[in-house]
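The values are calculated or read from the model by the stated rules, or taken from the named source; none is laboratory data. In this text the structure is predicted, and so the values were computed from the model without any measurement. As a convention, Cβ positions derive from the backbone with ideal geometry for all residues, glycine included, and neighbour counts pool all protein chains shown.
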Amino acid sequence: MQFPETLDETYERTLQGVNSANSELVHRLFQCVAVAFRPLRVEGLAEFLALNFNTGQIPTLREGCRLEDPIDAVLSTCSTLLFGVSVDDSTVIQFSHFSVKEFLISSRFADKSDHFPPLPPFYDTCPYPRHASMSGDFTAPG
């Protein structure tokens, strides 16, 4: 096995290893973490992941999609690029390094990625205001 020569190659290899059944979930996680202004508590992020955004203007909860162990569920999808930090009796999810976010929103990733769509379009299509805390106490626009 040959080691990647660059950080980009390392991240690409990591993304290629994501189970295709989890790729939509991982993409949504990356979208949330990439645009967050505040720390994202794992409980709120898990609730966000249970929403179905393909039902019209207002997302609906996908029945049976609430995660029993949000920390394990969130981190097991792509544990090398995301990690949890304990803050005030809660776990906050963030990228393992600032370069992960830089890579995911870069044009070089967008140009190469067949496995994941690039993240920048989310900035314009985020269903919640970018200043929402994503900690479980946000409401849908209406």
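Pairs meeting the criteria (first residue in the stretch 12-25 and free of Cβ contacts under 8 Å to residues at least 60 places away in the same chain, second residue β-branched (Val, Ile, Thr) and surrounded by 11 or more Cβ atoms within 10 Å (Cβ to Cβ), beta carbons under 7 Å, at least 6 apart or on different chains) are 22/77; 25/77.
One line per residue, one yes/no per condition, for (1) surrounded by 11 or more Cβ atoms within 10 Å (Cβ to Cβ); (2) not charged (D, E, K, R):
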residue: 6; (1), (2): no, yes
residue: 11; (1), (2): yes, yes
residue: 14; (1), (2): yes, yes
residue: 21; (1), (2): no, yes
residue: 26; (1), (2): yes, yes
residue: 35; (1), (2): yes, yes
residue: 38; (1), (2): yes, no
residue: 41; (1), (2): yes, no
residue: 44; (1), (2): yes, yes
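Right, residue 135: modelled with pLDDT of 75 or more and of a type in the set (S, T, N, Q) or not?
So residue 135 fails the test.
Listed by first and then second residue, the pairs linking a residue in the stretch 68-84 that is in contact (Cβ under 8 Å) with a residue 40 or more places away in the chain to a residue that is of a type in the set (Gly, Ala, Ser) and assigned to a helix (DSSP H, G or I), with Cβ atoms under 6 Å apart and 6 or more places separating them unless they lie on different chains, form an empty list. For the stretch 6-52, the set of residues classified as outside any helix (DSSP H, G or I) and either of a type in the set (Val, Ile, Thr) or at pLDDT below 85 (or both) consists of 6, 17, 18, 19, 36, 37, 38, 39, 50, 51, 52, listed by residue number.
Being in contact with a Leu (Cβ under 6 Å, 6 or more places away or on another chain) and within 22 Å of residue 101 (Cα to Cα) is a property that holds for residue 73. Out of 119, 81, one residue alone is of a type outside the set (D, E, K, R) and at pLDDT below 70. It is 119.
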